[in-house]
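*Asks:* Before I ask anything, let me first share the structure, which is written out below as structure tokens.
The values are calculated or read from the model by the stated rules, or taken from the named source; none is laboratory data. On a predicted model such as this, the values are computed, not experimentally measured, just so you know. Here the Cβ positions follow ideal geometry from the backbone for every residue, glycine too, while neighbour counts run over all protein chains shown. SASA here: full protein model, heavy atoms, side chains in, ligands and nucleic acids out. Shrake-Rupley method; radii C 1.70, N 1.55, O 1.52, S 1.80 Å.
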Amino acid sequence: MALGKYSRVDNRRSSSSYCSTVTIVVFVALCLVGIWMLTSSSVVPVQNIDVPQENKNLAKSQVIETNEGKTQPFEDNPGDLPDDARKGDDNEGSSQQENQEEKPEEKPEDKPEEKPEEKPEEKPEEKPEEKLEEKSEEQNEDKNGGNEETKPDDGRKTEDGDSKEENGEQGSESKPEGGDNGSGGQGDTEENSNEKQSNSNDTDEKKDEEKKTDDSNDTKDGENNNGQEGENVKQEEKSTDDTNENNQSKTSEEFPSGAQSELLNETSTQNGAWSTQAAESKNEKETQRSSTKQSGYVWKLCNVTAGSDYIPCLDNLQAIRSLPSTKHYEHRERHCPEEPPTCLVSLPEGYRRPIAWPTSREKIWYYNVPHTKLAEVKGHQNWVKVSGEYLTFPGGGTQFKHGALHYIDFIQESVNDLAWGKQSRVILDVGCGVASFGGFLFERDVLTMSLAPKDEHEAQVQFALERGIPAISAVMGTKRLPYPGRVFDVVHCARCRVPWHIEGGKLLLELNRLLRPGGFFVWSATPVYQKNAEDAGIWNAMKELTKAMCWELISINKDTVNGVSAAIYRKPTNNDCYEQRYEKEPPLCPDSDDPSAAWNVPLQACMHKISTNESERGSKWPEQWPSRLEKPPYWLLDSQVGVYGRAAPEDFTADHKHWNRVVTKSYLSGMGIDWSTVRNVMDMRAVYGGFAAALKNLKVWVMNVVSIDSADTLPIIFERGLFGIYHDWCESFNTYPRSYDLLHADHLFSKVKTRCNIAALVAETDRILRPDGKLIVRDNSETVNELESMFKSMKWEVRFTYFKDNEALLCVQKSMWRPSESETLQYAIA
């Protein structure tokens, strides 16, 4: 019995022990499930570190990209905490994120058919990230005001790598320069503190994300609140050691994640957020390869006879020595080396930043152009004088010793139809000397292309450019000047020493090609008013030649103040006189001869017929200035296709509006350029001249360069009352070193590098740009990355870079640095 009793007791004890064990197991299992749910709900929201806090406060109606590229609207989860409970509440952060995890894709009630079956336990982790990224993207677009110019992949590289979070700033509280939001993900730092404590790996991920987004900034596209068109440019921190930071700066080229990146279209794949990282990494690898390719480039100083005044195509002494003749000034023409130089031109000892306009018209620093020969020879004619550390320009010339302004007014009084600054806007001054005539014509709203050879009149064109006056080194020799036909309103020659009358008048016929029908030729030279045998012979020859060319002599007046006279001729506006000539000399050019063909074309002693078709260029005079600047020329027809694919007049207008917007919204206010120090500007790849037209209210002049392998739009530029020149950027430009304050290159370098050495073009920009001068480059990302590395290797300061899609914007500033090693160019040694 006892045994049976004890057996019952033992059975009862075994049953109780079994229940306790089951209870413990169930309890432990529930705890494990609870812990698993808590830990699993905290994994994804930690990634919110990439999204600013304020991006959570979105309007309810938004759009998410599906994997198939379709869009479907959704509303914020009605079960989510209110906005004020989601802004950095440390105590409730985990609960908020659990709610977001449980209901990430709840759809609006009015479209239940689009709501997918909710299975939180099967939901991929990338969906909340995708949702937050799309929210951020939508918010950024809302801030842009829905501007149609918004483009994907806003990115910016800066020289300073300081992040806002490292400075203790939160994304919801601070707005980096250049945009409203920080792109580094500072906003949720406090909100996710619980998760960071529970998962050290998440903290490591946060640090990695901060490092990669260190230099990223949110930008606003189009005409944004900061007033910048299509790009909100952040000026980069100045650095004196850009070369050593080359590799570090390249790490900031990644496109930002979250708010401002439409590159996240790629994240709709199954890889989720990692697709964005892959795209960023791919871009970074390409950038580093480009950087590696050029960062090791070694620059050397050009060892040449011309020294700091070296012009490669005019100082090719080897080619000049081999010329069979110099009778027609062949030695003053272009003779470019077979391989353009890649060395850098030295600076004159004591060089200083040039004096600003308009003071520079009266005086320049002597050590910037240390030449005194012209002052010794022409000082008595008030060309130039040496005054201590300055070279001064009294404003005189050979024919206007008492000042250019009086002489300019004298010409106007001689022929009222000239109408300086209205009827006559663009003129060519041949044999310009130091260009005082063109310098003072600015006061009459006239733009003058001053032209003179590099000859014994030492540095005359260099003096002009240093003074801030447009000028080019060229000679009337055996080839046409690099301008289209029928574009200049007036051609001026004040004792320019050009033998117009010889060899059938070939040189004067070149002026006839350049002169607009109805345009004027002003000739104030000794043959007009002196009666010695030589001058009388030249006058008689000119009288016969101009009559045969059908030029009308409309005025011969004497300037009593300067003691000179000027003969003023006018080109005919139709072909009547040509057809009525008894002798057909000089002959008419064949119809196949294009008067605008001017690059390395030999001169011909013939005249081109004048167009009488009202729809053709040259049949009518342009509208008066300034109306001609903004209106499409009358000869641009709807049937013609413009450069950008639209009808030509529409193309012209769109280009004009585009550059007005770019210059006004970005260049003038968003680049940190002090435009009061800018005078000489070159648009290295002008199309319609829109960039130059947009600068019309500034005290600058723009040399518009049309590449010989681009559409020939230079006649349109002249028709607008602007000027320019043809050029091949595989060769050196005909100007002295340190000529320009600002260079603008719109998609030039990427085109040039397909057919010639881009390093030579970089060296050429260094040659023609002044120290402290700026270069603005708009080009594809690959080219800009390559250029940035090359300019850094020359110790140029990178002011900013900006990337969007495959396009980029770069602004760099030239330094005073010169290499210590030199390279001897044998063809340039005397």
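*Asks:* Looking at (1) in contact with a helix residue (DSSP H, G or I) (Cβ under 9 Å, 6 or more places away or on another chain); (2) more than 22 Å from P586 (Cα to Cα); (3) open to solvent by 10 Å² or more (accessible area, probe 1.4 Å), can you tell me which one G431 breaks?
*Replies:* (1)
*Asks:* May I ask you to say which residue of D766, D772, D805 is modelled with pLDDT under 95 and more than 14 Å from the chain's Cα centre (by Cα)?
*Replies:* After ruling out the rest, the residue left standing is D805.
*Asks:* Looking at this structure, is T754 open to solvent by 10 Å² or more (accessible area, probe 1.4 Å) and either without any contact (Cβ under 8 Å) to a residue 12 or more places away in the chain or part of a strand (DSSP E or B) (or both)? First the steps, then the outcome.
*Replies:* Working: open to solvent by 10 Å² or more (accessible area, probe 1.4 Å): yes; either without any contact (Cβ under 8 Å) to a residue 12 or more places away in the chain or part of a strand (DSSP E or B) (or both): yes.
In short, yes.
*Asks:* Now for a separate question. Please go through the range 714-737 and pick out each residue that is assigned to a loop (DSSP other than H, G, I, E, B), open to solvent by 10 Å² or more (accessible area, probe 1.4 Å) and out of contact with any Ser or Thr (no Cβ under 8 Å at 6 or more places or on another chain).
*Replies:* L722, C730, E731
*Asks:* Right, here's the next one. Inside the range 315-335, can you point out the residues that are charged (D, E, K, R) and assigned to a loop (DSSP other than H, G, I, E, B)?
*Replies:* D315, K327, E333, R334
*Asks:* What strands (runs of 3 or more DSSP E) completely inside the range 760-815 contain at least 3 residues that are surrounded by 24 or more Cβ atoms within 10 Å (Cβ to Cβ) and on the phi > 0 side of the Ramachandran plot?
*Replies:* none
*Asks:* Going by the structure shown, is Q294 open to solvent by 60 Å² or more (accessible area, probe 1.4 Å), at pLDDT below 95 and either in contact with a Cys (Cβ under 9 Å, 6 or more places away or on another chain) or closer than 24 Å to F791 by Cβ (or both)?
*Replies:* Details: open to solvent by 60 Å² or more (accessible area, probe 1.4 Å): no; at pLDDT below 95: yes; either in contact with a Cys (Cβ under 9 Å, 6 or more places away or on another chain) or closer than 24 Å to F791 by Cβ (or both): yes.
Criteria not met by Q294.
*Asks:* Mind counting the residues in the range 816-830 that are surrounded by fewer than 18 Cβ atoms within 10 Å (Cβ to Cβ) and either out of contact with any Ser or Thr (no Cβ under 8 Å at 6 or more places or on another chain) or acidic (D, E) (or both)?
*Replies:* The qualifying residues number 9.
*Asks:* If K804 satisfies every condition in (1) free of Cβ contacts under 8 Å to residues at least 24 places away in the same chain; (2) more than 29 Å from A356 (Cα to Cα) but one, which is the exception?
*Replies:* (1)
*Asks:* Here is a list of conditions, (1) in contact (Cβ under 8 Å) with a residue 12 or more places away in the chain; (2) outside the structural domain of T713 (by the TED database); (3) in a loop (DSSP other than H, G, I, E, B); (4) surrounded by 15 or more Cβ atoms within 10 Å (Cβ to Cβ), and T612 meets all of them except one; can you say which number that is?
*Replies:* Failed condition: (4).
*Asks:* So, restricting to strands (runs of 3 or more DSSP E) that lie completely within the range 479-567, which ones have at least 1 residues that are within 24 Å of D455 (Cα to Cα) and at pLDDT 95 or above?
*Replies:* 488-494, 515-524
*Asks:* Give V687, V678, V662 a once-over and let me know the one that is without any contact (Cβ under 8 Å) to a residue 60 or more places away in the chain, closer than 30 Å to R770 by Cα and assigned by the TED database to the domain that holds V777.
*Replies:* Step by step, each of V687, V678, V662 is checked, and only V687 is without any contact (Cβ under 8 Å) to a residue 60 or more places away in the chain, closer than 30 Å to R770 by Cα and assigned by the TED database to the domain that holds V777.
*Asks:* When only residues in the range 511-539 that are over 49 Å from the mean Cα position of the chain (by Cα) and among the polar types (S, T, N, Q) count, which is nearest to L481 (Cα to Cα)?
*Replies:* Result: Q530.
*Asks:* While we're looking at this one, here's another question. Return the residue satisfying two criteria in turn: it lies in the range 666-684 and is surrounded by 21 or more Cβ atoms within 10 Å (Cβ to Cβ) and charged (D, E, K, R), and of such residues it is nearest to S739 (Cα to Cα).
*Replies:* So, considering only residues that are surrounded by 21 or more Cβ atoms within 10 Å (Cβ to Cβ) and charged (D, E, K, R), the one nearest to S739 (Cα to Cα) is R679.
*Asks:* Of all residues in the range 480-498, count the ones that are open to solvent by 10 Å² or more (accessible area, probe 1.4 Å), out of contact with any strand residue (DSSP E or B) (no Cβ under 6 Å at 6 or more places or on another chain) and over 24 Å from A567 (Cα atoms).
*Replies:* Final tally of qualifying residues: 1.
*Asks:* While we're looking at this one, here's another question. Considering the range 366-419 alone, what residues qualify as being β-branched (V, I, T) and closer than 17 Å to F437 by Cα?
*Replies:* V384, T392, T398, I408, I411
*Asks:* Kindly indicate the residue of the range 518-543 that is without any contact (Cβ under 8 Å) to a residue 12 or more places away in the chain and surrounded by 13 or more Cβ atoms within 10 Å (Cβ to Cβ) and also farthest from F437 (Cα to Cα) among those meeting that condition.
*Replies:* Checking each candidate, the answer is K543.
*Asks:* So L451 ticks every box in (1) in contact with a Phe, Trp or Tyr (Cβ under 7 Å, 6 or more places away or on another chain); (2) part of a strand (DSSP E or B); (3) free of Cβ contacts under 8 Å to residues at least 40 places away in the same chain but one. Which box is left unticked?
*Replies:* If we test L451 against (1) in contact with a Phe, Trp or Tyr (Cβ under 7 Å, 6 or more places away or on another chain); (2) part of a strand (DSSP E or B); (3) free of Cβ contacts under 8 Å to residues at least 40 places away in the same chain, just (1) comes out false.
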